[in-house]
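Input: a single structure, listed below in structure tokens.
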There are 2 protein chains.
Amino acid sequence: MDAVNHQVRLAARPVGQPNAGSWEHTAEPVGEPGEGEVLVAVRYLSLDPAMRGWMNEGRSYIAPVGIGEVMRALGAGEVIASRHPGLAAGDLVTGMTGVQEYAVLPGDAAIAVDTTLAPLPVHLGALGMTGLTAYFGLLDIGRPRAGDTVVISGAAGAVGGVAGQIAKVRGCRAVGIAGGPEKCRHAVRDLGFDAAIDYRSQDVAAELRRHCPDGIDVYFDNVGGEILDAALAQLARGARVVICGAISQYNETGGMRGPANYMSLLVSRASMTGFLVFDFADRYAEGVRELAGWYRDGRLRSFEDVATGGVAAFPETLLRLFRGENTGKLVLRV
Amino acid sequence: MDAVNHQVRLAARPVGQPNAGSWEHTAEPVGEPGEGEVLVAVRYLSLDPAMRGWMNEGRSYIAPVGIGEVMRALGAGEVIASRHPGLAAGDLVTGMTGVQEYAVLPGDAAIAVDTTLAPLPVHLGALGMTGLTAYFGLLDIGRPRAGDTVVISGAAGAVGGVAGQIAKVRGCRAVGIAGGPEKCRHAVRDLGFDAAIDYRSQDVAAELRRHCPDGIDVYFDNVGGEILDAALAQLARGARVVICGAISQYNETGGMRGPANYMSLLVSRASMTGFLVFDFADRYAEGVRELAGWYRDGRLRSFEDVATGGVAAFPETLLRLFRGENTGKLVLRV
């Protein structure tokens, strides 16, 4: 095989926002699959806020990406050579491809997807890890009951958008928080939120009091910072706060901002719980089945924000997440 | 009845630490019990960090003490007149007497205590609401399993000291955090903690890493602030953080300090949960029975720090809590 595999590697650990110096662009020959492996031509890369954490040194839920290593990323693509009995050339799969054009993966770690149900990028979005994150985070950690008031930050983002739709499927009132009037319109019109609060132009605490007069039963947090504090101040008794992410804080250089209103957990006899979708691996099949069912009957819609420019555009595309520029699932076409 | 009832009333809502201007000392004739009520001569008052919160305006789990009202307090004393069929003069009871020498209480709200089992102040401490707070907070919210590492702040204080002893009864390793060498000695020698960390002279984060090499399974927090952050940084996977109080923050005028390390809840798939002992009212009998059993067989010891000076000494005695001057349950002899 003569093709060249273009890659993006981590060159240096960023302080604050990643910049050009954080990355190294490399090219090498396309690899060959060993026994049990497959070679995947990557078509789409998933861009996730969690990537920022993977770039940091230190103890976390997963080892940091090493300096000089291909940046870790979920991708979707086509098997072009297989030495795994369960997969054949032409199969479409998702897996941890990394930010590169071709990836050699263990066949067992590549998940075949059904593109007759939904196009490939959807399998990185509502029907992929994004959807599963919303599914297990909202339902298993948040435990909403029909009639509950569920508030979701990052409501027009990938996970938040799915979480809001699941809340509606489960008979909850869903209030979204998003940045800017377009995203708020998208949340209400396309995702079915009952209301949306624009944190850029509105007083989030006041709007939460207005939209959630009986308090918030489930708060699904993707952003941290001031918005988390505003939500804590409005918890209903026995509320569940789900910590899915804290995108507002990932590039902070002065240390994370802790939720000053955390004693609301005591006043409201509430809990705040973190989770990782990986812990639900033995239930992914259940989650995908449920999500696919809702997708098929139109109760779950998937919105992708497809960036172009190939892997070379990865560094700049990643920053769009932190600037809040994406609506729906941000993927990069390779 | 000619006796005079000396009282301490809330005169003004303090900003920061309460001072002389926060209180009004009054005297009035001793009241008469109405139908169903009892008149109690107060012998001991319970001093609790929560009192500081009761002095604040605003939404909380209980209405604030009104300006001009007798300061809310748990007390223990002797029934000297009864118009309730279940209680007679001479009975010893606990109840919400307020900071005064005589209290008229609904008989149903006065709890008869057994002073053949333990002296009266113990019924405000290990066998009273203090003990129940530790019991339900640690066992129901913290859910320790035998072999778990349980870390408790305010370990030489009233609730922390009982929580540590219950952790030992349940077969856990108990690590206490307290201020100063004497309290640390008390925690290990008298309360049975396996280790104690002196937050005044030691690096709490480093000591937690040393004493909890496999992480903290249950963190029972009475203090908030930096110590909560240090504990969050050392959580074991699936840890439970119990929010019982945040005494380090109650007199802060610059706003509460939020736990900057709260994203450890995600990394460790952990939860942080607040609770109020009042929610367990229908299980108080179970709690007291268990605590009394451990007290009887010597596995639970009660330590009271008995201040003197009568109700007039209440304002100054209260401040001892916030200065960390008490060891064990702080009560004021009336």
Odd one out for A:Y102, checked against (1) over 19 Å from the mean Cα position of the chain (by Cα); (2) surrounded by fewer than 22 Cβ atoms within 10 Å (Cβ to Cβ) = (2)
Of the residues in the stretch A:33-78, how many are among the hydroxyl-bearing types (S, T, Y) and touching a Ser or Thr at 6+ places or on another chain (Cβ under 7 Å)?
-> 0
If a residue has to be within 11 Å of chain A (Cβ to nearest Cβ) and surrounded by fewer than 24 Cβ atoms within 10 Å (Cβ to Cβ) to count, how many in the stretch B:210-223 make the cut?
-> 1
Restricting attention to the stretch A:293-334, which residues are in contact with a Gly (Cβ under 9 Å, 6 or more places away or on another chain) and farther than 19 Å from A:K183 by Cα?
-> A:Y295, A:R299, A:E316, A:L332, A:R333, A:V334
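Taking helices (runs of 4 or more DSSP H) that fall entirely within the stretch B:210-312, which contain at least 2 residues that are among the aliphatic types (A, V, I, L, M), outside the structural domain of B:A118 (by TED's automatic domain parsing) and closer than 20 Å to B:A187 by Cα?
Once the helices (runs of 4 or more DSSP H) in the stretch B:210-312 are filtered for at least 2 residues that are among the aliphatic types (A, V, I, L, M), outside the structural domain of B:A118 (by TED's automatic domain parsing) and closer than 20 Å to B:A187 by Cα, what remains is B:225-232.
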Got at least one residue in the stretch A:23-37 being in contact with a helix residue (DSSP H, G or I) (Cβ under 6 Å, 6 or more places away or on another chain) and on the phi > 0 side of the Ramachandran plot?
-> yes
State whether the residues of the stretch B:281-298 include one that is free of Cβ contacts under 8 Å to residues at least 40 places away in the same chain, within 14 Å of chain A (Cβ to nearest Cβ), farther than 20 Å from B:G160 by Cβ and surrounded by fewer than 20 Cβ atoms within 10 Å (Cβ to Cβ).
-> yes
Going by the conditions given, is B:V175 part of a strand (DSSP E or B), modelled with pLDDT of 95 or more and farther than 29 Å from A:R269 by Cα?
-> no
Within the stretch B:87-99, of all residues that are out of contact with any Leu (no Cβ under 6 Å at 6 or more places or on another chain) and of a type in the set (G, A, S), the one surrounded by the fewest Cβ atoms within 10 Å (Cβ to Cβ) is B:G90
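Tell me yes or no: at least one residue of the stretch A:190-207 is among the basic types (K, R) and more than 22 Å from A:P49 (Cα to Cα).
Residues of the stretch A:190-207 that are among the basic types (K, R), as a first pass: A:200.
If we keep only those that are more than 22 Å from A:P49 (Cα to Cα) as well, we get none.
The answer is no, given that none of the residues of the stretch A:190-207 is among the basic types (K, R) and more than 22 Å from A:P49 (Cα to Cα).
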Of the residues B:A187, B:A206, which is within 21 Å of A:M256 (Cα to Cα), part of a helix (DSSP H, G or I), more than 14 Å from chain A (Cβ to nearest Cβ) and free of Cβ contacts under 8 Å to residues at least 60 places away in the same chain?
-> B:A206
Being of a type in the set (D, E, K, R), under 29 Å from B:L232 (Cα atoms) and at pLDDT below 95, is that true of even one residue in the stretch B:272-281?
-> no
Taking the stretch B:232-289 only, how many residues are more than 25 Å from the chain's Cα centre (by Cα) and basic (K, R)?
-> 2
Within the stretch B:190-203, restricting attention to residues that are surrounded by 19 or more Cβ atoms within 10 Å (Cβ to Cβ) and in a loop (DSSP other than H, G, I, E, B), which residue is nearest to the other protein chains (Cβ to nearest Cβ)?
-> B:Y199
Counted residues in the stretch B:108-132 being over 12 Å from B:L74 (Cβ atoms), crowded, with 24+ Cβ neighbours inside 10 Å and small (G, A, S) come to 2
Can A:P315 be described as surrounded by fewer than 24 Cβ atoms within 10 Å (Cβ to Cβ) and touching a strand residue (DSSP E or B) at 6+ places or on another chain (Cβ under 6 Å)?
-> yes
State which residue is nearest to the other protein chains (Cβ to nearest Cβ) when the search covers only the stretch B:261-279 and only residues that are small (G, A, S) and in contact with a helix residue (DSSP H, G or I) (Cβ under 6 Å, 6 or more places away or on another chain).
-> B:G274
Here is a list of conditions, (1) closer than 27 Å to B:L235 by Cα; (2) touching a Lys or Arg at 6+ places or on another chain (Cβ under 7 Å); (3) assigned to a strand (DSSP E or B), and A:L330 meets all of them except one; can you say which number that is?
-> (1)
Taking into account only those residues within the stretch A:238-260 that are more than 10 Å from chain B (Cβ to nearest Cβ) and among the polar types (S, T, N, Q), which is farthest from A:G131 (Cα to Cα)?
-> A:T253
Taking the stretch B:105-140 as the search range and keeping residues that are outside any helix (DSSP H, G or I) and of a type outside the set (A, V, I, L, M, F, W, C), which one is nearest to the chain's Cα centre (by Cα)?
-> B:G125
Which residue, of A:A11, A:A3, is touching a Ser or Thr at 6+ places or on another chain (Cβ under 7 Å), away from chain B (no Cβ under 14 Å) and either of a type in the set (V, I, T) or touching a residue at least 40 places away in the same chain (Cβ under 8 Å) (or both)?
-> A:A11
Which condition does A:G324 not pass, out of (1) away from chain B (no Cβ under 14 Å); (2) under 14 Å from the mean Cα position of the chain (by Cα); (3) modelled with pLDDT of 95 or more, if it passes all the others?
-> (3)
Test B:A88 against the criterion of being at pLDDT 95 or above and not β-branched (V, I, T), and give yes or no.
-> yes
Single match in B:S46, B:S82, B:S22, B:S60 (criterion: surrounded by 15 or more Cβ atoms within 10 Å (Cβ to Cβ), assigned by TED's automatic domain parsing to the domain that holds B:E316 and modelled with pLDDT under 95) | B:S60
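The values are calculated or read from the model by the stated rules, or taken from the named source; none is laboratory data. Not measured: the values here are computed from a predicted model. Neighbour counts run over all protein chains shown; Cβ positions are idealised from the backbone, glycine included.
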